[in-house]
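*Asks:* I have a structure I would like to understand better, so I am pasting it below and will then ask my questions one at a time.
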Protein chains: 4
Amino acid sequence: MYSKSVQKLIDIFSKFPTIGPRTAARFVFYLIDLKDEELDEILNSISAVKRNIKICISCFNPFEGQGMLCEICVNPSRDKSLLCIVAKETDLNSLEKTKKYKGLYFILGGTVSALKKAEVEKLRIKELVAKIKNQPEISEIILALNSNSEGEATTLYLERLLKPYISTNKKITRLGRGLPVGGELEYADEETLSSALESRK
Amino acid sequence: MYSKSVQKLIDIFSKFPTIGPRTAARFVFYLIDLKDEELDEILNSISAVKRNIKICISCFNPFEGQGMLCEICVNPSRDKSLLCIVAKETDLNSLEKTKKYKGLYFILGGTVSALKKAEVEKLRIKELVAKIKNQPEISEIILALNSNSEGEATTLYLERLLKPYISTNKKITRLGRGLPVGGELEYADEETLSSALESRK
Amino acid sequence: MYSKSVQKLIDIFSKFPTIGPRTAARFVFYLIDLKDEELDEILNSISAVKRNIKICISCFNPFEGQGMLCEICVNPSRDKSLLCIVAKETDLNSLEKTKKYKGLYFILGGTVSALKKAEVEKLRIKELVAKIKNQPEISEIILALNSNSEGEATTLYLERLLKPYISTNKKITRLGRGLPVGGELEYADEETLSSALESRK
Amino acid sequence: MYSKSVQKLIDIFSKFPTIGPRTAARFVFYLIDLKDEELDEILNSISAVKRNIKICISCFNPFEGQGMLCEICVNPSRDKSLLCIVAKETDLNSLEKTKKYKGLYFILGGTVSALKKAEVEKLRIKELVAKIKNQPEISEIILALNSNSEGEATTLYLERLLKPYISTNKKITRLGRGLPVGGELEYADEETLSSALESRK
């Protein structure tokens, strides 16, 4: 129905996270309606991100700046004994916004829905194991993954994987469970309520 | 549009919690379609509840049985130093289902959206204060209210109200916050994530 | 978890249309909290509906009053050449509220999800066929069923069933399709849009 | 929290239709994770659309090809006596998919929520009036706007605007209303049901 160039771009936008063909089509017509200078700004900004952004060799956080390490990893005031493993970049950002965490991060690159080899290989497992081996100063590894089924499967996988590297002065923890802001007892499951009771304060 | 008897019953069902006139009308036609013996069973069951159920004079939990106290309040193995304040009966039941809480309860009878006198008077405030005064064995009062705005307003109100009765060997706590089961970091607010980080284990 | 009488009533309310055990529990505690006279009013209103309401022998609409026929069927100004078949009582009421339909109705008593004998037997099929046979004055049968898959299956079934009784001066129609109030072209399926184009005015 | 280039691109994606800052951030990290050749394909496809797509001077439909007119406007088999006014490009496409409409289109460029001058001026009103004046062969103008409040306000505005150009051999119509596919009588408003009854067939 759409012309060739339009359909090609709809197909491309349909691969963006959360986007289906209907929204993708709206993106294309939005771009067509833009003035030339507005479109150039978009193209330049995409190119700029690709050109300016490097991936931190320590935590895999994208960053802009000098050297091989991101601002968090080079920051001397961050606590190098804490390593927080997150699935993706936006999760790191969510945790940073709380201003409550002063340790370092490691971006795993995704989660696994089942422990299939093909899925696990997409994650940065080798890099994670190497990091834990080479950095004896890490005393706590926080598995900060979603509390849904994929996040749980990944947490279980990582707990098993990292067990050999855990000693008396190194432990693995998970994010605490409880009632979220806005949550109601009536709709909370038993595990959430149990945790909320235990972590009362 | 509906006949008098039907409209009357629609109006009655519309006052049931969560029910609007559309569902209320479906209830009425559901009842009309029932056989006589099925309808009698409903009427008898409603009457039986009213006849058999007493309200516990200590915690205000409805119960069936001998005496003036519910099964929880008469149970000698429950920990009398813990008092958990909940808004309504179903919240008590949600906490009991976790099998993690061994103390006693107090059913407040609702929450307040704002601290208006008329609203506060609907709650069992006098009964709560009397209980706290008369039971020095209580060492922890757990405010187990929803984490939404009404629950928060009620929690703040109770904290202020009960402050005079708190001493070094008596404290007020709240349910812990954190990621609920199924929760995702990306959609969690900063306060929920902060609590989840702090209560990690 | 709940006492016997309470659990019995929860089970009963859980069979009400659209109600699950959680809302059923809230109903029971709502009833327990009512004053005696309020509860009596509910019991009396349910009994009154059962006592006062008769089912119209012609259209199966519940009604209150003298005789064997409902107000619509006895109303001489209604057009006896039009028969509108609806699944349930509330659908009849929805159509009456429009004040655009002046014919008669027939309440089928449900819809079928598949053409299984057991399901079809729950509907008033025999009564419908008898009515069509005995009332030659009917010139149009309107199948006013939902436009979802159950409604469509039932419509197809009725079209096949009633075909033998259709002649040059008797026809079967369906409700028109189109964009509903509030509907958007972007989210409308092709069949809805086709109908909306055809029935433009 | 994000680096400058990343935040710039998040701001740009946040202006895309339906996109908020959270999804915009995911887009940026999606792009960062792509291989160079994948990113180049996106940049090239956006440039190609801008380079190849022209806006039809008659109906304002974006198209790819020779001349000044889109495939629909140059198609001799389309019925030039029918003009269908739509708000946006994707609405035209939705109607084309039905394969039921053989006339021409006019893309208005939006809808108005209120009849403020600033809002109305963003629409192609002058172009529409000129078209109606210059093309006496148009016998029916179909206002194919959403059935929500913005669409209704725009329809009313256009009806008033075009009234002076309507004569005995030129009329204005709207899309028909009715139950959409999947719709249920119980949740349909009275106007939708009235239309569904009137357009029964």
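The values are calculated or read from the model by the stated rules, or taken from the named source; none is laboratory data. Keep in mind that this is a model prediction, so the values were computed, not measured. No Cβ is skipped: glycine too gets one built from the backbone with ideal geometry, and neighbour counts run over all protein chains shown.
*Asks:* Would you pick out the residues in segment C:22-31 that are in contact with a helix residue (DSSP H, G or I) (Cβ under 8 Å, 6 or more places away or on another chain), without any contact (Cβ under 8 Å) to a residue 12 or more places away in the chain and either closer than 19 Å to B:Glu38 by Cα or facing chain B (nearest Cβ under 7 Å) (or both)? Before you say what the answer is, go through the steps one by one.
*Replies:* Filtering segment C:22-31 for residues in contact with a helix residue (DSSP H, G or I) (Cβ under 8 Å, 6 or more places away or on another chain) gives C:22-29, C:31.
Going one step further and asking which of them are without any contact (Cβ under 8 Å) to a residue 12 or more places away in the chain, we end up with C:22-23, C:26, C:29.
Once the filter is applied, which keeps residues that are in contact with a helix residue (DSSP H, G or I) (Cβ under 8 Å, 6 or more places away or on another chain), without any contact (Cβ under 8 Å) to a residue 12 or more places away in the chain and either closer than 19 Å to B:Glu38 by Cα or facing chain B (nearest Cβ under 7 Å) (or both), segment C:22-31 yields C:Thr23, C:Arg26, C:Phe29.
*Asks:* Give the residue, chosen from B:Glu137, B:Glu150, B:Glu191, B:Glu127, that is among the acidic types (Asp, Glu) and at the interface with chain A (Cβ under 7 Å from one of its Cβ atoms). Even if it seems obvious, please write down each step before you answer.
*Replies:* On the way: B:Glu137 fails: at the interface with chain A (Cβ under 7 Å from one of its Cβ atoms); B:Glu150 fails: at the interface with chain A (Cβ under 7 Å from one of its Cβ atoms); B:Glu127 fails: at the interface with chain A (Cβ under 7 Å from one of its Cβ atoms).
Testing whether each residue is among the acidic types (Asp, Glu) and at the interface with chain A (Cβ under 7 Å from one of its Cβ atoms) leaves just B:Glu191.
*Asks:* Let me ask something else about it. In this structure, does B:Gly178 turn out to be within 14 Å of chain A (Cβ to nearest Cβ), surrounded by fewer than 16 Cβ atoms within 10 Å (Cβ to Cβ) and either without any contact (Cβ under 8 Å) to a residue 24 or more places away in the chain or of a type in the set (Asp, Glu) (or both)?
*Replies:* Working: within 14 Å of chain A (Cβ to nearest Cβ): yes; surrounded by fewer than 16 Cβ atoms within 10 Å (Cβ to Cβ): no; either without any contact (Cβ under 8 Å) to a residue 24 or more places away in the chain or of a type in the set (Asp, Glu) (or both): yes.
So B:Gly178 does not fit the description; no.
*Asks:* Still on this structure, please answer the following. Hey, does segment D:38-58 have a residue that's surrounded by 19 or more Cβ atoms within 10 Å (Cβ to Cβ) and under 16 Å from the mean Cα position of the chain (by Cα)?
*Replies:* Yes, some residue in segment D:38-58 is surrounded by 19 or more Cβ atoms within 10 Å (Cβ to Cβ) and under 16 Å from the mean Cα position of the chain (by Cα).
*Asks:* Right, something else. Scanning for something surrounded by 15 or more Cβ atoms within 10 Å (Cβ to Cβ), among the polar types (S, T, N, Q) and either out of contact with any His (no Cβ under 8 Å at 6 or more places or on another chain) or part of a loop (DSSP other than H, G, I, E, B) (or both), does segment A:98-115 turn up at least one residue?
*Replies:* yes
*Asks:* Which of the residues spanning segment D:125-153 are more than 23 Å from C:Glu191 (Cα to Cα) and in contact with a helix residue (DSSP H, G or I) (Cβ under 9 Å, 6 or more places away or on another chain)?
*Replies:* Matches in segment D:125-153: D:Ile125, D:Leu128, D:Val129, D:Ile132, D:Lys133, D:Ile138.
*Asks:* Moving on to the next point. Considering only segment B:86-135, state which residues are touching a residue at least 24 places away in the same chain (Cβ under 8 Å) and over 28 Å from C:Thr23 (Cα atoms).
*Replies:* Those that are touching a residue at least 24 places away in the same chain (Cβ under 8 Å) and over 28 Å from C:Thr23 (Cα atoms): B:Val129, B:Lys131, B:Ile132, B:Lys133, B:Gln135.
*Asks:* Checking the conditions here, which among B:Glu64, B:Glu96, B:Glu89 is out of contact with any helix residue (DSSP H, G or I) (no Cβ under 7 Å at 6 or more places or on another chain) and either at pLDDT 95 or above or within 20 Å of C:Arg26 (Cα to Cα) (or both)? Steps first, please.
*Replies:* Working: B:Glu64 fails: out of contact with any helix residue (DSSP H, G or I) (no Cβ under 7 Å at 6 or more places or on another chain); B:Glu89 fails: out of contact with any helix residue (DSSP H, G or I) (no Cβ under 7 Å at 6 or more places or on another chain).
Of the residues listed, the single one that is out of contact with any helix residue (DSSP H, G or I) (no Cβ under 7 Å at 6 or more places or on another chain) and either at pLDDT 95 or above or within 20 Å of C:Arg26 (Cα to Cα) (or both) is B:Glu96.
*Asks:* In segment B:125-162, what residues are more than 19 Å from the chain's Cα centre (by Cα) and in a loop (DSSP other than H, G, I, E, B)?
*Replies:* Hits for segment B:125-162 are B:Gln135, B:Pro136, B:Glu137, B:Ile138, B:Ser139.
*Asks:* Has segment A:163-174 got at least one residue that is among the polar types (S, T, N, Q), within 18 Å of B:Leu193 (Cα to Cα) and either surrounded by 14 or more Cβ atoms within 10 Å (Cβ to Cβ) or under 24 Å from the mean Cα position of the chain (by Cα) (or both)?
*Replies:* Yes; the residues of segment A:163-174 include at least one that is among the polar types (S, T, N, Q), within 18 Å of B:Leu193 (Cα to Cα) and either surrounded by 14 or more Cβ atoms within 10 Å (Cβ to Cβ) or under 24 Å from the mean Cα position of the chain (by Cα) (or both).
*Asks:* Which of (1) closer than 26 Å to C:Thr90 by Cβ; (2) of a type in the set (S, T, N, Q); (3) free of Cβ contacts under 8 Å to residues at least 40 places away in the same chain; (4) more than 7 Å from every other protein chain (Cβ to nearest Cβ) does C:Asn169 not meet, given it meets every other one?
*Replies:* With respect to (1) closer than 26 Å to C:Thr90 by Cβ; (2) of a type in the set (S, T, N, Q); (3) free of Cβ contacts under 8 Å to residues at least 40 places away in the same chain; (4) more than 7 Å from every other protein chain (Cβ to nearest Cβ), C:Asn169 is out only on (1).
*Asks:* Here's something else I'd like to know. Pick from C:Glu140, C:Glu119, C:Glu190: which is touching a Lys or Arg at 6+ places or on another chain (Cβ under 6 Å) and surrounded by 16 or more Cβ atoms within 10 Å (Cβ to Cβ)? Give the derivation first.
*Replies:* Values: C:Glu119 fails: touching a Lys or Arg at 6+ places or on another chain (Cβ under 6 Å); C:Glu190 fails: surrounded by 16 or more Cβ atoms within 10 Å (Cβ to Cβ).
After applying the criteria, what remains is C:Glu140.
*Asks:* Identify all residues within segment B:42-85 that are outside any helix (DSSP H, G or I) and at the interface with another protein chain (Cβ under 7 Å from one of its Cβ atoms); write none if there are none. Please lay out each step first, then the result.
*Replies:* Of all residues in segment B:42-85, those outside any helix (DSSP H, G or I) come to B:53-70, B:75-85.
Answer for segment B:42-85, where residues must be outside any helix (DSSP H, G or I) and at the interface with another protein chain (Cβ under 7 Å from one of its Cβ atoms): B:Ile53, B:Pro62, B:Phe63, B:Glu64.
*Asks:* Next question. So if I check each of D:Lys35, D:Lys4, which one is closer than 30 Å to A:Glu64 by Cα and either at the interface with chain A (Cβ under 10 Å from one of its Cβ atoms) or touching a residue at least 60 places away in the same chain (Cβ under 8 Å) (or both)? If you could, list the steps in order and put the result at the bottom.
*Replies:* Working: D:Lys35 fails: either at the interface with chain A (Cβ under 10 Å from one of its Cβ atoms) or touching a residue at least 60 places away in the same chain (Cβ under 8 Å) (or both).
When all the criteria are applied, what remains is D:Lys4.
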